[in-house]
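S.K.: Got a structure here, written out as C-alpha coordinates. Questions coming.
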Amino acid sequence: MQVFASAEAQADPLALLSAEMHEVDRVIAHRLQSEVALINQISGYIVHAGGKRFRPKLLLLFANALGDPGHHRHTLAAVVEFIHTATLLHDDVVDESALRRGKQTANALFGNAASVLVGDFLYSRAFQMMVSVNRMRVLEILAEATNVIAEGEVLQLLNVHDPDTTVERYLQVIRFKTAKLFEASARLGAILSDAPSDIEEHCADYGRAMGTAFQLIDDVLDYEGDAEVLGKNVGDDLREGKPTLPILLAMERSQPAEREILRNAVLNGEVERLSEVIRIVRSSGALEATRE
Ligand code: GRG
(Lines give C-alpha, C1' and ligand atoms only; values in the text may rest on other atoms or scores of the structure.)
Protein backbone atom coordinates (compact mmCIF):
# COMPACT_ATOMS: atom_id res chain seq x y z
CA MET A 1 0.00 0.00 0.00
CA GLN A 2 1.23 3.48 -0.79
CA VAL A 3 0.62 6.36 1.55
CA PHE A 4 -0.36 9.75 0.14
CA ALA A 5 -0.33 13.12 1.81
CA SER A 6 -3.33 15.33 1.06
CA ALA A 7 -2.66 18.10 -1.49
CA GLU A 8 -3.24 20.66 1.29
CA ALA A 9 -0.63 19.03 3.56
CA GLN A 10 1.88 18.86 0.69
CA ALA A 11 1.35 22.50 -0.24
CA ASP A 12 2.07 24.05 3.16
CA PRO A 13 2.19 21.67 6.14
CA LEU A 14 3.04 24.38 8.68
CA ALA A 15 0.20 26.73 7.67
CA LEU A 16 -2.21 23.84 7.90
CA LEU A 17 -0.76 22.97 11.30
CA SER A 18 -1.34 26.40 12.76
CA ALA A 19 -4.99 26.36 11.65
CA GLU A 20 -5.40 22.91 13.13
CA MET A 21 -3.80 23.90 16.42
CA HIS A 22 -6.64 26.39 16.91
CA GLU A 23 -9.00 23.45 16.72
CA VAL A 24 -6.85 21.48 19.17
CA ASP A 25 -6.83 24.44 21.58
CA ARG A 26 -10.61 24.57 21.30
CA VAL A 27 -10.84 20.86 22.20
CA ILE A 28 -8.40 21.40 25.08
CA ALA A 29 -10.40 24.32 26.51
CA HIS A 30 -13.66 22.38 26.17
CA ARG A 31 -12.38 19.12 27.67
CA LEU A 32 -10.62 20.84 30.58
CA GLN A 33 -13.97 21.70 32.08
CA SER A 34 -14.90 20.24 35.44
CA GLU A 35 -17.70 20.93 37.89
CA VAL A 36 -15.06 21.57 40.51
CA ALA A 37 -13.88 25.19 40.40
CA LEU A 38 -10.43 24.46 41.85
CA ILE A 39 -9.76 21.95 39.07
CA ASN A 40 -10.70 24.52 36.44
CA GLN A 41 -8.47 27.08 38.11
CA ILE A 42 -5.37 24.87 38.30
CA SER A 43 -5.77 22.99 35.03
CA GLY A 44 -6.54 26.28 33.21
CA TYR A 45 -3.45 27.83 34.78
CA ILE A 46 -1.05 25.09 33.71
CA VAL A 47 -2.53 24.27 30.30
CA HIS A 48 -2.51 27.94 29.30
CA ALA A 49 0.88 28.75 30.81
CA GLY A 50 2.62 28.89 27.42
CA GLY A 51 3.59 25.31 26.60
CA LYS A 52 4.97 24.73 23.12
CA ARG A 53 2.46 21.96 22.23
CA PHE A 54 5.23 19.90 20.62
CA ARG A 55 3.56 16.53 21.02
CA PRO A 56 0.19 17.51 19.50
CA LYS A 57 2.02 19.19 16.61
CA LEU A 58 4.05 16.06 15.97
CA LEU A 59 0.91 13.94 15.88
CA LEU A 60 -0.83 16.35 13.50
CA LEU A 61 2.20 16.63 11.21
CA PHE A 62 2.32 12.87 10.71
CA ALA A 63 -1.46 12.51 10.47
CA ASN A 64 -1.58 15.20 7.78
CA ALA A 65 1.51 13.98 5.94
CA LEU A 66 0.12 10.46 5.76
CA GLY A 67 -3.40 11.51 4.79
CA ASP A 68 -5.46 10.72 7.92
CA PRO A 69 -9.02 10.95 6.64
CA GLY A 70 -10.80 11.30 9.98
CA HIS A 71 -11.43 13.85 12.70
CA HIS A 72 -10.03 11.99 15.73
CA ARG A 73 -6.63 13.62 15.39
CA HIS A 74 -7.75 16.76 17.23
CA THR A 75 -9.01 14.72 20.16
CA LEU A 76 -5.82 12.67 20.29
CA ALA A 77 -3.65 15.76 19.93
CA ALA A 78 -5.40 17.15 23.02
CA VAL A 79 -4.95 13.77 24.74
CA VAL A 80 -1.16 13.80 24.35
CA GLU A 81 -1.04 17.38 25.65
CA PHE A 82 -3.16 16.41 28.68
CA ILE A 83 -0.90 13.44 29.44
CA HIS A 84 2.17 15.65 29.07
CA THR A 85 0.65 18.29 31.37
CA ALA A 86 -0.30 15.68 33.98
CA THR A 87 3.30 14.47 34.04
CA LEU A 88 4.58 18.03 34.44
CA LEU A 89 2.28 18.63 37.41
CA HIS A 90 3.53 15.46 39.08
CA ASP A 91 7.13 16.09 38.13
CA ASP A 92 7.18 19.57 39.64
CA VAL A 93 5.92 18.12 42.92
CA VAL A 94 8.56 15.35 42.85
CA ASP A 95 11.33 17.86 42.11
CA GLU A 96 9.87 20.55 44.39
CA SER A 97 10.24 22.98 41.48
CA ALA A 98 9.24 26.60 41.83
CA LEU A 99 9.35 27.62 38.17
CA ARG A 100 7.86 26.13 35.01
CA ARG A 101 7.46 27.86 31.66
CA GLY A 102 8.85 31.03 33.21
CA LYS A 103 6.02 31.17 35.73
CA GLN A 104 5.41 29.86 39.23
CA THR A 105 4.64 26.14 39.23
CA ALA A 106 1.17 24.94 40.19
CA ASN A 107 2.60 23.33 43.34
CA ALA A 108 4.18 26.64 44.36
CA LEU A 109 0.87 28.43 43.88
CA PHE A 110 -1.73 25.86 44.92
CA GLY A 111 0.23 23.31 46.97
CA ASN A 112 1.43 19.75 46.35
CA ALA A 113 -1.81 17.90 47.08
CA ALA A 114 -3.91 19.98 44.69
CA SER A 115 -1.22 19.71 41.98
CA VAL A 116 -1.02 15.92 42.19
CA LEU A 117 -4.79 15.56 42.17
CA VAL A 118 -5.28 17.86 39.19
CA GLY A 119 -2.58 15.84 37.43
CA ASP A 120 -4.73 12.77 38.13
CA PHE A 121 -7.77 14.61 36.77
CA LEU A 122 -5.97 15.48 33.52
CA TYR A 123 -4.65 11.96 33.12
CA SER A 124 -8.05 10.37 33.67
CA ARG A 125 -9.75 12.94 31.41
CA ALA A 126 -7.20 12.01 28.74
CA PHE A 127 -8.23 8.39 29.29
CA GLN A 128 -11.94 9.20 28.76
CA MET A 129 -11.06 11.03 25.56
CA MET A 130 -8.88 8.26 24.14
CA VAL A 131 -11.60 5.70 24.86
CA SER A 132 -14.04 7.86 22.87
CA VAL A 133 -11.87 7.35 19.79
CA ASN A 134 -12.85 3.67 20.01
CA ARG A 135 -9.66 2.12 18.61
CA MET A 136 -7.96 -0.55 20.65
CA ARG A 137 -4.56 0.12 19.09
CA VAL A 138 -4.71 3.77 20.16
CA LEU A 139 -5.45 2.66 23.73
CA GLU A 140 -2.60 0.17 23.66
CA ILE A 141 -0.09 2.79 22.47
CA LEU A 142 -1.09 5.42 25.02
CA ALA A 143 -1.44 3.00 27.92
CA GLU A 144 2.04 1.66 27.19
CA ALA A 145 3.51 5.14 26.77
CA THR A 146 2.20 6.42 30.12
CA ASN A 147 3.41 3.25 31.80
CA VAL A 148 6.90 3.76 30.39
CA ILE A 149 6.94 7.47 31.37
CA ALA A 150 6.22 6.50 34.98
CA GLU A 151 8.95 3.83 34.81
CA GLY A 152 11.36 6.47 33.48
CA GLU A 153 10.65 8.71 36.45
CA VAL A 154 11.28 5.86 38.88
CA LEU A 155 14.52 4.98 37.08
CA GLN A 156 15.52 8.61 37.39
CA LEU A 157 14.93 8.43 41.14
CA LEU A 158 17.51 5.63 41.23
CA ASN A 159 19.95 7.75 39.23
CA VAL A 160 19.62 10.88 41.33
CA HIS A 161 22.61 11.49 43.61
CA ASP A 162 24.45 8.59 41.97
CA PRO A 163 27.64 9.95 40.39
CA ASP A 164 28.58 6.42 39.33
CA THR A 165 25.60 6.02 37.05
CA THR A 166 26.36 5.33 33.39
CA VAL A 167 25.61 7.10 30.12
CA GLU A 168 23.48 4.06 29.17
CA ARG A 169 21.32 4.43 32.29
CA TYR A 170 20.94 8.16 31.66
CA LEU A 171 19.88 7.50 28.05
CA GLN A 172 17.36 4.90 29.19
CA VAL A 173 15.81 7.43 31.57
CA ILE A 174 15.34 10.03 28.86
CA ARG A 175 14.06 7.51 26.33
CA PHE A 176 11.46 6.46 28.88
CA LYS A 177 10.46 9.71 30.55
CA THR A 178 10.56 12.02 27.51
CA ALA A 179 11.09 10.27 24.18
CA LYS A 180 8.30 7.72 24.71
CA LEU A 181 5.50 10.30 24.47
CA PHE A 182 7.09 11.87 21.38
CA GLU A 183 7.30 8.37 19.88
CA ALA A 184 3.66 7.63 20.73
CA SER A 185 2.50 10.98 19.29
CA ALA A 186 4.24 10.38 15.96
CA ARG A 187 3.02 6.77 15.87
CA LEU A 188 -0.58 7.84 16.48
CA GLY A 189 -0.41 10.10 13.41
CA ALA A 190 0.51 7.02 11.38
CA ILE A 191 -2.12 4.80 13.01
CA LEU A 192 -4.90 7.30 12.34
CA SER A 193 -3.83 7.27 8.69
CA ASP A 194 -3.89 3.46 8.55
CA ALA A 195 -0.26 3.60 7.42
CA PRO A 196 1.47 0.26 6.82
CA SER A 197 3.50 -1.06 9.73
CA ASP A 198 6.91 -0.19 8.26
CA ILE A 199 5.84 3.45 7.84
CA GLU A 200 4.41 3.44 11.36
CA GLU A 201 7.77 2.22 12.69
CA HIS A 202 9.63 4.95 10.79
CA CYS A 203 7.34 7.56 12.34
CA ALA A 204 7.89 6.05 15.80
CA ASP A 205 11.68 6.06 15.25
CA TYR A 206 11.57 9.71 14.22
CA GLY A 207 9.50 10.65 17.28
CA ARG A 208 11.84 8.74 19.60
CA ALA A 209 14.95 10.38 18.09
CA MET A 210 13.36 13.81 18.31
CA GLY A 211 12.31 13.28 21.93
CA THR A 212 15.79 12.07 22.90
CA ALA A 213 17.43 15.06 21.21
CA PHE A 214 14.89 17.36 22.85
CA GLN A 215 15.71 16.13 26.35
CA LEU A 216 19.46 16.27 25.68
CA ILE A 217 19.12 19.91 24.65
CA ASP A 218 16.97 20.59 27.71
CA ASP A 219 19.73 19.16 29.89
CA VAL A 220 22.44 21.12 28.09
CA LEU A 221 20.48 24.33 28.63
CA ASP A 222 20.79 23.65 32.33
CA TYR A 223 24.41 24.80 31.99
CA GLU A 224 23.84 27.73 29.71
CA GLY A 225 22.71 31.26 30.50
CA ASP A 226 19.75 31.32 28.16
CA ALA A 227 18.10 28.51 30.10
CA GLU A 228 16.42 31.27 32.08
CA VAL A 229 14.41 32.14 28.98
CA LEU A 230 12.76 28.73 29.22
CA GLY A 231 11.81 29.28 32.83
CA LYS A 232 14.59 27.06 34.13
CA ASN A 233 17.30 28.22 36.45
CA VAL A 234 20.84 27.40 35.46
CA GLY A 235 21.92 24.42 37.55
CA ASP A 236 18.37 23.20 38.32
CA ASP A 237 19.13 19.56 37.43
CA LEU A 238 22.33 19.73 39.38
CA ARG A 239 20.68 21.14 42.48
CA GLU A 240 18.37 18.12 42.30
CA GLY A 241 21.43 15.86 42.07
CA LYS A 242 20.58 14.65 38.55
CA PRO A 243 23.62 13.32 36.73
CA THR A 244 22.78 14.38 33.17
CA LEU A 245 24.83 13.62 30.06
CA PRO A 246 26.90 16.86 30.18
CA ILE A 247 27.95 16.04 33.76
CA LEU A 248 28.68 12.39 32.96
CA LEU A 249 30.79 13.33 29.92
CA ALA A 250 32.57 16.10 31.84
CA MET A 251 33.49 13.53 34.52
CA GLU A 252 34.96 11.23 31.90
CA ARG A 253 37.04 14.11 30.51
CA SER A 254 38.20 15.78 33.74
CA GLN A 255 41.30 15.45 35.88
CA PRO A 256 40.79 13.79 39.31
CA ALA A 257 40.45 17.08 41.26
CA GLU A 258 37.76 18.44 38.97
CA ARG A 259 36.05 15.07 38.77
CA GLU A 260 35.79 15.14 42.56
CA ILE A 261 34.01 18.53 42.44
CA LEU A 262 31.50 17.15 39.92
CA ARG A 263 30.97 13.96 41.96
CA ASN A 264 30.28 16.01 45.08
CA ALA A 265 27.86 18.23 43.20
CA VAL A 266 25.82 15.17 42.15
CA LEU A 267 26.10 13.48 45.53
CA ASN A 268 25.05 16.50 47.56
CA GLY A 269 22.63 18.23 45.21
CA GLU A 270 22.86 21.54 47.01
CA VAL A 271 25.55 23.12 44.87
CA GLU A 272 27.62 25.69 46.69
CA ARG A 273 30.22 25.78 43.93
CA LEU A 274 27.80 25.99 41.03
CA SER A 275 29.87 28.45 38.99
CA GLU A 276 32.87 26.15 39.31
CA VAL A 277 30.81 23.16 38.17
CA ILE A 278 29.52 25.11 35.19
CA ARG A 279 33.08 26.17 34.32
CA ILE A 280 34.32 22.55 34.47
CA VAL A 281 31.45 21.29 32.31
CA ARG A 282 32.01 24.06 29.76
CA SER A 283 35.80 23.75 29.59
CA SER A 284 35.65 19.95 29.29
CA GLY A 285 33.92 20.21 25.91
CA ALA A 286 31.09 18.03 27.25
CA LEU A 287 28.38 20.37 25.94
CA GLU A 288 29.70 20.12 22.39
CA ALA A 289 30.04 16.35 22.78
CA THR A 290 26.41 16.12 23.97
CA ARG A 291 25.25 17.95 20.85
CA GLU A 292 27.02 15.42 18.64
C1 GRG B 1 0.93 11.12 35.28
C2 GRG B 1 1.30 9.14 33.73
C3 GRG B 1 1.82 10.05 34.76
C4 GRG B 1 3.11 9.87 35.15
C5 GRG B 1 3.81 10.69 36.13
C6 GRG B 1 6.24 12.55 37.00
C7 GRG B 1 6.08 11.65 35.86
C8 GRG B 1 5.30 10.39 36.02
C9 GRG B 1 6.64 11.92 34.66
C10 GRG B 1 7.42 13.16 34.36
C11 GRG B 1 8.09 13.04 33.03
C12 GRG B 1 8.76 14.31 32.61
C13 GRG B 1 8.55 15.58 33.34
C14 GRG B 1 9.55 14.32 31.56
C15 GRG B 1 10.23 15.55 31.06
C16 GRG B 1 9.55 15.98 29.82
C17 GRG B 1 9.96 17.33 29.37
C18 GRG B 1 11.20 17.51 28.54
C19 GRG B 1 9.20 18.38 29.63
C20 GRG B 1 9.33 19.68 29.04
O21 GRG B 1 8.66 19.56 27.78
P22 GRG B 1 8.33 20.84 26.90
O23 GRG B 1 9.52 21.73 26.78
O24 GRG B 1 7.25 21.57 27.82
O25 GRG B 1 7.68 20.35 25.65
P26 GRG B 1 6.24 22.71 27.41
O27 GRG B 1 6.33 23.68 28.55
O28 GRG B 1 6.64 23.31 26.09
O29 GRG B 1 4.92 22.02 27.32
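The values are calculated or read from the model by the stated rules, or taken from the named source; none is laboratory data. What you see is a predicted model, and the numbers here were worked out from it, not measured in a lab. Note that we place each Cβ from the backbone using ideal geometry, even for glycine, and neighbour counts take in every protein chain shown.
S.K.: Might you let me know whether the range 178-187 holds any residue that is of a type in the set (A, V, I, L, M) and touching a Cys at 6+ places or on another chain (Cβ under 6 Å)? Walk me through it before giving the result.
M.R.: Going residue by residue through the range 178-187, those that are of a type in the set (A, V, I, L, M) are 179, 181, 184, 186.
From what's left, touching a Cys at 6+ places or on another chain (Cβ under 6 Å): 186.
Yes, the range 178-187 contains at least one residue that is of a type in the set (A, V, I, L, M) and touching a Cys at 6+ places or on another chain (Cβ under 6 Å).
S.K.: Between a residue in the range 31-51 that is at negative phi and not assigned by TED's automatic domain parsing to the domain that holds Ala78 and any residue that is away from the ligand (no atom under 15 Å from the Cβ) and of a type in the set (A, V, I, L, M, F, W, C), which pairs come within a Cβ distance under 7 Å, given they are 6 or more apart or on different chains?
M.R.: none
S.K.: Looking at Asn147, Asn134, which is the one that is within 9 Å of the ligand (Cβ to nearest atom) and free of Cβ contacts under 8 Å to residues at least 24 places away in the same chain?
M.R.: Details: Asn134 fails: within 9 Å of the ligand (Cβ to nearest atom).
When all the criteria are applied, what remains is Asn147.
S.K.: Going by the structure shown, is Arg169 touching a Leu at 6+ places or on another chain (Cβ under 8 Å) and either part of a loop (DSSP other than H, G, I, E, B) or within 14 Å of the ligand (Cβ to nearest atom) (or both)? Let's see the steps before the verdict.
M.R.: Working: touching a Leu at 6+ places or on another chain (Cβ under 8 Å): yes; either part of a loop (DSSP other than H, G, I, E, B) or within 14 Å of the ligand (Cβ to nearest atom) (or both): no.
Spelling it out, it is not the case that Arg169 is touching a Leu at 6+ places or on another chain (Cβ under 8 Å) and either part of a loop (DSSP other than H, G, I, E, B) or within 14 Å of the ligand (Cβ to nearest atom) (or both).
S.K.: Go through Lys52, Lys103, Lys57 for me and flag whichever is basic (Lys, Arg), within 12 Å of the ligand (Cβ to nearest atom), out of contact with any Ser or Thr (no Cβ under 8 Å at 6 or more places or on another chain) and at pLDDT 95 or above.
M.R.: Lys57
S.K.: Name the residues in the range 30-49 that are aliphatic (A, V, I, L, M), part of a helix (DSSP H, G or I), within 16 Å of the ligand (Cβ to nearest atom) and more than 17 Å from the chain's Cα centre (by Cα), would you?
M.R.: Of all residues in the range 30-49, those aliphatic (A, V, I, L, M) come to 32, 36-39, 42, 46-47, 49.
Checking the rest, the ones that are also part of a helix (DSSP H, G or I) come to 37-39, 42, 46-47.
Still in the running and within 16 Å of the ligand (Cβ to nearest atom): 39, 42, 46-47.
Once the filter is applied, which keeps residues that are aliphatic (A, V, I, L, M), part of a helix (DSSP H, G or I), within 16 Å of the ligand (Cβ to nearest atom) and more than 17 Å from the chain's Cα centre (by Cα), the range 30-49 yields Ile39, Ile42.
S.K.: Looking at (1) over 17 Å from the mean Cα position of the chain (by Cα); (2) surrounded by fewer than 23 Cβ atoms within 10 Å (Cβ to Cβ); (3) modelled with pLDDT of 95 or more, which one does Leu88 not meet, given that it meets all the others?
M.R.: Single failed check for Leu88: (1).
S.K.: Touching a residue at least 12 places away in the same chain (Cβ under 8 Å) and over 21 Å from Val173 (Cα atoms) - does that describe any residue in the range 248-256?
M.R.: Scanning the range 248-256, I find at least one residue that is touching a residue at least 12 places away in the same chain (Cβ under 8 Å) and over 21 Å from Val173 (Cα atoms), so the answer is yes.
S.K.: Go through the residues of the range 127-140 one by one and say whether even a single one is under 17 Å from the mean Cα position of the chain (by Cα) and more than 17 Å from Gln215 (Cα to Cα). Walk me through it before giving the result.
M.R.: To start, the set of residues in the range 127-140 that are under 17 Å from the mean Cα position of the chain (by Cα) comprises none.
For the range 127-140, residues under 17 Å from the mean Cα position of the chain (by Cα) and more than 17 Å from Gln215 (Cα to Cα): absent.
S.K.: Looking at Asp91, is it touching a residue at least 60 places away in the same chain (Cβ under 8 Å), more than 18 Å from Ala186 (Cβ to Cβ) and within 14 Å of the ligand (Cβ to nearest atom)? Steps first, please.
M.R.: Details: touching a residue at least 60 places away in the same chain (Cβ under 8 Å): yes; more than 18 Å from Ala186 (Cβ to Cβ): yes; within 14 Å of the ligand (Cβ to nearest atom): yes.
So Asp91 passes the test.
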